[in-house]
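Okay, so here's the structure we're looking at.
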Amino acid sequence: MFGDQALALIVESKRSSQTDTLYKYNDQLVRNVQLEIRTLQSDLQKTVGPDINALTPSQQVLCASTMYHIAIRRNKRCLLAYHAHRLERLKQLYWSVGGALPHILTDPEIRSKLSPHEVDFLRSYNSSVSDIRNEVLDVLDLAQGITVPPKDMRVNVVVVRECGTVQTESGTFAFKLGQRYQAARSHVEHLIVQGYLEVVP
């Protein structure tokens, strides 16, 4: 039936939103929908072909061509919705790790779910964000995921993921799993956002 595979892409996107999970890019299903669009276009041309120059096409040709045209448009909209949903999920993922693209691309679990075009998009998006970030860095750090302003300039943190030795403006920290440290929030904010450190009272 026309549109069943395109509908499967929409169902997958909805399921992804409901479970807050990025699923593997469904290349096979996308290709099948593209093939169906080409087949529908070919059928449309065959249907309209004999009456293409007629001033008033027959009712049968008019109905058939309308059906093909609507099916083609629906499949295209489903493809666009699927890809728009995935791009939004990728942007959310990018900002959830504080704009650290290497953190995303070196994670084999995440990387295996991305298509080559999505990797290119992330690189391009990161480049654009870096350009903007460089222009406003002295005023605003775009990578900080702060929704509530901090009350103190210094924070107590505990290491929840191994991150090794980190060089900050206030010195070098050899972060060890489970250890507590006190540091300037601005120096370790990116590690907090990326999930290496956790703020403790």
Considering residues of the range 101-121 that are at pLDDT below 90 and assigned to a loop (DSSP other than H, G, I, E, B) only, the residue most open to solvent (accessible area, probe 1.4 Å): Thr106
Identity of the residue in the range 153-175, modelled with pLDDT of 80 or more and of a type in the set (S, T, N, Q), that ends up least open to solvent (accessible area, probe 1.4 Å): Asn156
Selected residue (criterion: farthest from Glu169 (Cα to Cα)) from residues of the range 184-201 that are touching a helix residue (DSSP H, G or I) at 6+ places or on another chain (Cβ under 9 Å), in a strand (DSSP E or B) and not charged (D, E, K, R): Val199
Count of residues meeting criterion [touching a residue at least 40 places away in the same chain (Cβ under 8 Å) and either closer than 21 Å to Leu29 by Cβ or assigned to a loop (DSSP other than H, G, I, E, B) (or both)] in the range 83-100: 8
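Can you find, within the range 176-185, the residue that is surrounded by the most Cβ atoms within 10 Å (Cβ to Cβ) among those that are touching a residue at least 24 places away in the same chain (Cβ under 8 Å) and farther than 13 Å from Thr165 by Cβ?
Checked the range 176-185; the qualifying residue surrounded by the most Cβ atoms within 10 Å (Cβ to Cβ) is Ala183.
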Some residue of the range 10-17 being loosely packed, with under 14 Cβ neighbours inside 10 Å and part of a loop (DSSP other than H, G, I, E, B): no
Leading residue by the ranking (nearest to the chain's Cα centre (by Cα)) among those in the range 58-73 that are open to solvent by 80 Å² or more (accessible area, probe 1.4 Å) and closer than 11 Å to Gly3 by Cα: Arg73
The one condition in (1) surrounded by fewer than 16 Cβ atoms within 10 Å (Cβ to Cβ); (2) at pLDDT 95 or above; (3) not charged (D, E, K, R) that Leu55 fails to fulfil: (2)
Among the candidates Asp20, Asp27, Asp43, Asp4, residue that is closer than 16 Å to Ile70 by Cβ and either open to solvent by 50 Å² or more (accessible area, probe 1.4 Å) or within 18 Å of the chain's Cα centre (by Cα) (or both): Asp4
Residue match in the range 74-90 (condition: among the basic types (Lys, Arg), open to solvent by less than 30 Å² (accessible area, probe 1.4 Å) and under 13 Å from the mean Cα position of the chain (by Cα)): yes
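The values are calculated or read from the model by the stated rules, or taken from the named source; none is laboratory data. Being a predicted model, the structure only gives us computed values, none of them experimental. Methodologically, a virtual Cβ is constructed for each residue, glycine included, from the backbone with ideal geometry; neighbour enumeration extends over all protein chains shown. Just so you know, the surface numbers come from the protein's heavy atoms only, side chains and all, with ligands and any DNA or RNA stripped out. Shrake-Rupley method; radii C 1.70, N 1.55, O 1.52, S 1.80 Å.
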